[in-house]
Amino acid sequence: MGELENAVTPLEIKEEKDLDATGKTLEKDKEYIEIHSNLPPEEGLRAWLVVLGSFCMHWVALGSIYTVGLFVPFYEEEFGKPRQELIVFGTLQTSLLFAFGIFSGKLADVHGVRKVYGFGCIFYVVGTFLASFAKEFWHVVLTQGVLTGIGLGFIYWPGVTVVPMWFSKRRGLATALAVLGSGVGQFANGLIIQRLLDTRGTSHALLILSFFSAVLLFIGFLLMKRRLPLESNSSYCKGIGILRNKTFVLFYVGTILFQFAYTTPFAHLPVYISDLEVGDSQFQGVAIGLMGAGSALGRVMLGWLSDKIGRLICFKLSIVATSLIVIFWYWCDTEALILTFSILYGFFAGGFIALLFPVLGDYYGVHRLGSIAGLVSVGLVPGAFLGPWIAGRMYDEQGNYDLAIIVCSLFVCASSVVFAMLPRAENVPGA
């Protein structure tokens, strides 16, 4: 029997009804699945292999984004650019990941995970490899920023939305274990990359990173596949009616606000530590690494807890806790306080990534989660690009990160207020 993506004939399903109806998503998913025979069983061995593949993808994709700040002090010394310019390669990488989600999510629903994911792998590995030969800063922007960002855009969304369709009862835990890869990747990459940067420089660090990433991405390629049949409708315009759903709009606004702050600590914490002259350069890698360790622990624990107390409740609580931790960052000026912030921020902010798609699955079903995730990804672009850039601009003008941290905390607090207004899935009327 061939790959499910190629063997199953796609079905025509009413787009607006499936995307907008939110009252009985679990029953709707079951009805969708029961129509088909020969589907792999839910939550079996094959399902957990998909989780492992997604884990490897997260290690590379988000592990890369979360450790990009480690390169900034070295590029600052090498190219002599102000921080608002230096951070552009990192913000481009993150922004393109989100920008291409609207295409890659839908493409994965229509053509299958592996075709889209494999295309992205080529872009990411080639971009990272070419970045090791950069002689000018614009070379870095083009390779480590643009090429890898495009690659991540086609890697991440198929890889993150494929997991929920294999699970129902343990959907939160399974997704948390998959995104655990980003925390482990951030921890391991933070220590390894910092060591390589200190001893071998940016060129060798990027060269080694490209080969290591290729291995992990290939494992993900072998293990990840859709459980559900491919969608027959390739239109990118249909399904846009979900934007008329008040709950989705509320969710969208909260996501936009949160993203303005979310990546700022990852991008600026290493240079923040350097400015304070706290510890040595290796301490910067330790701080980023522990943020990843906290994230790994938080995603598993919050994912497990969400299946017990409710995914939406757990999601809201994690956002509120994140806002308090960002406020706490303002007073972090010693090694102990910085490490405390790193662990706590990683732990609670990780809930945003771990629970975002399970919550969306609870609202709208999982069989077109790739398409819905694509719409959400567009809303993440402004914050992903402008958030760290604004922080860098404020640093260049103020000479410190005080104002940047205050603005960052305001964005997270605003998002927690918006998310707090989200109703329970069963209380949302179908559109």
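The values are calculated or read from the model by the stated rules, or taken from the named source; none is laboratory data. Note that this is a predicted model, so its numbers are computed, not measured. Neighbour counts run over all protein chains shown; Cβ positions are idealised from the backbone, glycine included. In case anyone asks, the SASA skips ligands and DNA or RNA and just uses the protein heavy atoms, side chains included. Shrake-Rupley method; radii C 1.70, N 1.55, O 1.52, S 1.80 Å.
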Quick one: which residues, 5+ away or cross-chain, put their amide H under 5 Å from the amide H of ASN245? H built at 1.01 Å from N.
-> none
Sorted by chain and number, the residues with a modelled amide H under 5 Å from that of GLU231, at a separation of 5 or more or across chains, are VAL110
The stretch 328-405, relative contact order [Cα under 8 Å, separation at least 6], % = 23
MET421 accessible area, 1.4 Å probe, all protein chains in place, Å² to nearest 10 = 120
Convert each backbone phi in the stretch 211-223 into a coupling constant with the Karplus relation 6.51 cos²θ - 1.76 cosθ + 1.60 (shift: θ = phi - 60°), then list the ³J(HN,Hα) values in order as whole Hz, x for Gly and Pro.
-> 6, 5, 5, 4, 5, 5, 5, 5, 4, x, 4, 6, 9
Add +1 for every Lys or Arg and -1 for every Asp or Glu among the other residues with Cβ under 11 Å from the Cβ of MET394, and state the total.
-> -1
Taking only Cα atoms and a 10 Å spring cutoff, compute GNM fluctuations for the chain and point out the largest among PRO82, PRO73, PRO164.
-> PRO82
Keeping the other protein chains in place, figure out the carbon and sulfur percent of the accessible area of the chain, with a 1.4 Å probe.
-> 67
Tell me, what ³J(HN,Hα) does each residue in the stretch 352-364 have, in order and in whole Hz, if you take phi through Karplus 6.51 cos²θ - 1.76 cosθ + 1.60 with θ = phi - 60° and put x for Gly and Pro?
-> 4, 6, 5, 10, 4, 7, x, 5, 4, x, 5, 6, 10
Each residue of the stretch 410-425 in order: what ³J(HN,Hα) in whole Hz does its phi give by Karplus 6.51 cos²θ - 1.76 cosθ + 1.60, θ = phi - 60°, with x for Gly and Pro?
-> 5, 5, 5, 4, 4, 5, 5, 5, 5, 4, 5, 7, 5, x, 5, 4
Please find, in a Gaussian network model of the chain (springs between Cα atoms separated by less than 10 Å), the residue of ILE155, ILE309, ILE353 whose mean-square fluctuation is greatest.
-> ILE309
Label point 7 Å beyond Cα of GLU335 along Cβ direction - residues of the stretch 261-302 with amide nitrogen under 16 Å = 273-290
Please work out the average accessible area per residue across the chain, using the 1.4 Å probe convention, and give it in Å².
-> 37
Between LEU216, LEU276, LEU86, which gets the highest mean-square fluctuation from a Gaussian network model of the chain, Cα cutoff 10 Å?
-> LEU276
Based on DSSP H runs of at least 4 residues, each adding -39500 (n - 2.57), what is the mean residue ellipticity at 222 nm of the chain after dividing by all its residues, to the nearest 500 deg cm²/dmol?
-> -25000 deg cm²/dmol
Per DSSP loop assignment and a cutoff of at most 13 other beta carbons within 10 Å, the chain keeps its longest run without exposed GluC sites (Glu not before Pro) at 278-431
Calculated FRET efficiency for the pair LEU222/GLU43, C-beta based, R₀ 22 Å, to 0.05 | 0.60
Roughly how tilted is helix 101-111, in degrees to the nearest 10 and between 0 and 90, from the longest Cα axis of the chain?
-> 40
Subset of LYS106/LYS169; LYS106/LYS316; LYS81/LYS106; LYS106/LYS135 violating a 32 Å alpha-carbon distance limit = LYS81/LYS106; LYS106/LYS135
For the stretch 224-376, what D do you get in µm² per second when you plug the Kirkwood radius from alpha-carbon pairs into Stokes-Einstein at 20 °C and 1.002 mPa s?
-> 124
